[in-house]
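A.B. asks: Before I ask anything, let me first share the structure, which is written out below as structure tokens.
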Amino acid sequence: MPPPDAPTILLIGATGQIGHALRGPLSALGAVVAPDRDALDLAAPGTIRDAVREAAPDVIVNAAAYTAVDRAEEEPERAAALNARAPGVLAEAAAEAGAWLVHYSTDYVFDGTARAPYVETDRPHPINTYGRTKLEGEQAVEAVGGRHLILRTSWVYSARRANFLRSMLRLADEHDTLTVVDDQTGTPTWAGWIAEATAAVLGHVLDNGGPGGRYHLAASGQTSWYGFATAIFAQFGREDVTVEPIPTEEYPTPAARPAYTVLDSGTARTTFGLDIPTWSEQLAALRHQMDAETVP
Ligand SMILES: NC(=O)c1ccc[n+]([C@@H]2O[C@H](COP(=O)([O-])OP(=O)(O)OC[C@H]3O[C@@H](n4cnc5c(N)ncnc54)[C@H](OP(=O)(O)O)[C@@H]3O)[C@@H](O)[C@H]2O)c1
């Protein structure tokens, strides 16, 4: 139970991968209010303003977004409403309420032409609609100029909702052999770790009055989707499945994917004293948590 003078935290997107994982860690920091989509619809700016006024929060954490990367190519207007415009409305409402806004963004703001991990000051240049709308959302938050944290993360997975890990485990039940792209490099990051790290960062800025700004917040290390798939099957005891590496050109998708989006999270590590485990340590931690939850 948070103390009586604990901050009120408005959590948006509490049913998503990161949002669901945030419920526990944020509850240790304050009183969490998590409206459903009827009460706060990112596509309806009036509901955003009303929900913020009603909650009168000290902190708003926005874990909601349009996250379907391929579908965004068919629905650019909806992706823009949720990813580009809603964050600006939220930032204005946060500023009016005197609240911190914590907002998530993505490695897909980069074009993937780098060959060393991206830092926060590297020039973004998205190559698909999802990345473009997410970048516009960052810019909208920054333009308002209120107290904010923009946390860019990458290749998010968890035991729930649609993500690469769950797709691989489902496909392993249906096929003996899978082909997986081996020429896109990035860093899988567990939603459970992102949530704990977010709470640590937020605790720091609440205690110290800052520093806000834009931070990379992804696991350490790097791999390809093929490398991640191989590690998932090893971690989940599915070595019976054969995984074969293929180039991106053999797996065409509606949205172009950047070839290299490793994020350097060193600034967050030093600024907030974060421990940043490797992606394979995070995968093992998820497996451990899943095992603990299924024990009767
Ligand atoms: N997934 C990734 O690989 C990845 C990578 C980098 C960055 N990110 C960023 O991390 C953040 C969280 O991603 P995630 O993967 O945890 O998301 P997710 O699992 O796809 O969940 C999205 C959340 O947004 C909510 N939502 C969707 N449309 C909404 C609307 N119109 N109004 C209010 N809420 C709405 C969903 O609610 P419902 O349950 O009602 O659908 C859900 O709670 C996003 O900012 C995303 O861009 C994700």
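The values are calculated or read from the model by the stated rules, or taken from the named source; none is laboratory data. What you see is a predicted model, and the numbers here were worked out from it, not measured in a lab. Quick reminder, even Gly has a Cβ in these numbers, built from the backbone with ideal geometry, and neighbours come from all protein chains shown. Side chains are part of the model used for accessible areas, which takes the heavy atoms of the whole protein and leaves out ligands, DNA and RNA. Shrake-Rupley method; radii C 1.70, N 1.55, O 1.52, S 1.80 Å.
A.B. asks: Report the Rg/Rh value for the chain, based on alpha-carbon coordinates and the Kirkwood definition of Rh.
C.D. replies: When Rh is taken as the Kirkwood radius, the ratio is 0.96.
A.B. asks: Only bridges whose two residues both fall in the range 146-227 count here: according to DSSP, what percent of them are antiparallel, nearest 5?
C.D. replies: Counting DSSP beta bridges with both partners in the range 146-227, the antiparallel share is about 25 percent.
A.B. asks: In square angstrom, rounded to the nearest 10, how much accessible surface does His148 have for a 1.4 Å probe?
C.D. replies: 30
A.B. asks: Further question: For the range 18-70, what is the convex hull volume of the alpha-carbon atoms per residue, in Å³?
C.D. replies: Hull volume normalised by residue count: 87 Å³.
A.B. asks: Rounded to whole Å and sorted largest first, list the principal axis extents of the Cα atoms in the range 157-212.
C.D. replies: Computed over the Cα atoms, the extents are 53, 25, 12 Å.
A.B. asks: Just to verify a number: FRET efficiency for Asp173 and Ala28, C-beta to C-beta distance, R0 = 35 Å, to 0.05?
C.D. replies: For R0 = 35 Å, the calculated efficiency reads 0.45.
A.B. asks: Let me ask another. Taking amide H atoms as placed 1.01 Å from N in the peptide plane, list the residues 5 or more away in sequence, or in a different chain, whose amide H sits under 5 Å from that of Val61.
C.D. replies: Under 5 Å from the amide H of Val61: Leu10, Leu11, Ile12, Val102.
A.B. asks: Given the peptides 286-293, 179-186, arrange them by the average over their residues of other C-beta atoms within 10 Å, most packed first.
C.D. replies: Highest mean packing first, the order is 179-186, 286-293.
A.B. asks: Which of the peptides 261-267, 75-81 is most tightly packed, and how do the rest follow, judged by the mean count of other Cβ atoms within 10 Å per residue?
C.D. replies: Sorting 261-267, 75-81 by mean packing, highest first, produces 261-267, 75-81.
A.B. asks: Also, I was wondering about something else. In nm, give the distance between the simple-model label positions of Glu239 and Ala44, each being 7 Å from the Cα along the Cα-to-Cβ direction.
C.D. replies: 5.4
A.B. asks: Ok, one more. Rg (Å, one decimal) plus Dmax (Å, integer) for the alpha carbons of the range 98-172?
C.D. replies: When restricted to the Cα atoms of the range 98-172, Rg and Dmax are 14.9, 49 Å.
A.B. asks: Another one. Which FRET efficiency, nearest 0.05, do Asn208 and Glu293 yield, Cβ-Cβ r, R0 41 Å?
C.D. replies: Step by step, r from the Cβ atoms, then E = 0.75.
A.B. asks: Would you calculate a helix-derived [θ] at 222 nm for the chain, using -39,500 (n - 2.57) for each DSSP H run of n ≥ 4 and dividing by the full residue count, to the nearest 500?
C.D. replies: Roughly -12500 deg cm²/dmol at 222 nm, from the helical runs in the chain.
A.B. asks: How big is the gap, in Å, between the Cα center of the range 109-147 and the Cα center of the range 1-39?
C.D. replies: Comparing the Cα centres of the range 109-147 and the range 1-39, I get a distance of 26 Å.
A.B. asks: Additional query: In whole angstrom, and with the biggest value first, how far do the Cα coordinates of the range 126-265 range along each principal axis?
C.D. replies: Principal-axis extents of the range 126-265 (Cα, largest first): 53, 31, 24 Å.
A.B. asks: Please list, ordered by chain and number, the residues whose modelled amide H lies under 5 Å from the amide H of Val32; skip anything fewer than 5 residues away on the same chain.
C.D. replies: Result for Val32 returns Ile9.
A.B. asks: Could you check what % of the DSSP bridge pairs in the chain are antiparallel, to the nearest 5?
C.D. replies: Around 5 percent of the beta bridges assigned by DSSP in the chain are antiparallel ones.
A.B. asks: Short version: what are the Cα gyration tensor semi-axes of the range 7-147, square root of 5 times each eigenvalue, largest first, in whole Å?
C.D. replies: 25, 16, 15
A.B. asks: FRET efficiency for Asp5 and Asp122, Cβ-Cβ distance as r, R0 = 35 Å, nearest 0.05?
C.D. replies: Efficiency computed from Cβ-Cβ geometry: 0.30.
A.B. asks: Between the alpha-carbon centers of the range 219-296 and the range 70-103, tell me the distance in whole angstrom.
C.D. replies: What the calculation gives is 27 Å, centre to centre.
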